[in-house]
């Protein structure tokens, strides 16, 4: 991947990790094949939720925090965490499948698919349709497409091409923006807001800095139109959720603060009131 060697930020490193995982065969198979799994709509789950719609994330490490979850990562533990999250009120789960830097695995998602009946987002740095095919096999309902990856030519195609391919495979798409120009671009290109969603990442993937005002400022400045908006990263308190609700955020993807909690169930309950 010589085309990435001149770049010196985390974004290119994240893309390199995905190509490394593809070359290593990480996405070539999973424990179970859910290619015929009927899509569970993340958008519908958000819009019909009667409490705060939380998409809780199972991740064990990250580039910014290192190890997040210090307990033994066994299949039973992963399924127990997923069950606890759903029982506590999570309307969907985000499963990190990137092995490098995040300690994730596609097998984790396919194991969790057997365990819960809520929408599952495959959380990964998608740079190839190989990963989209894998998402379908592992039982995901939705994938993440990060605008900055495509704007920096770090993927094997355009974001429009990937989104169309994912939709044809029966997967919803969360288009992710961080910067203002990315958000404006996504509002224009999301021609299927009844199917696909918009995520605003409060984390800058070039520096890994987090500021939840990212969501607040973008929603204050721009009409979200008919899009369903997910605020991602850096959220740890109910007060922050209420602030973001007031400017139009529809759902909240929360990972680190929940996975670091000594009591995952209570943390989710407190945030989803």
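A short reminder: the numbers here are calculations on the coordinates, not readings from a lab. It should be emphasised that the depicted structure is a prediction, and the values quoted were computed from it without experimental measurement. Ideal geometry is used to build each Cβ from the backbone, glycine not excepted, and the neighbour counts take in all protein chains shown.
The packing ranking of peptides 203-212, 114-123, highest mean first, is 114-123, 203-212, where packing means the average number of other beta carbon atoms within 10 angstrom of each residue. Only helical runs count toward this figure. For the chain, summing -39,500 (n - 2.57) over DSSP H runs of n ≥ 4 and dividing by all residues gives -11000 deg cm²/dmol at 222 nm. Label separation (residue 153 vs residue 165): 1.9 nm, computed from points 7 Å beyond Cα along the C-beta direction. Once both labels are positioned 7 Å from their Cα atoms along Cα-to-Cβ, the gap between residue 23 and residue 242 label points is 5.1 nm. Beta bridges per DSSP, both residues in the stretch 39-271: antiparallel share near 10 percent.
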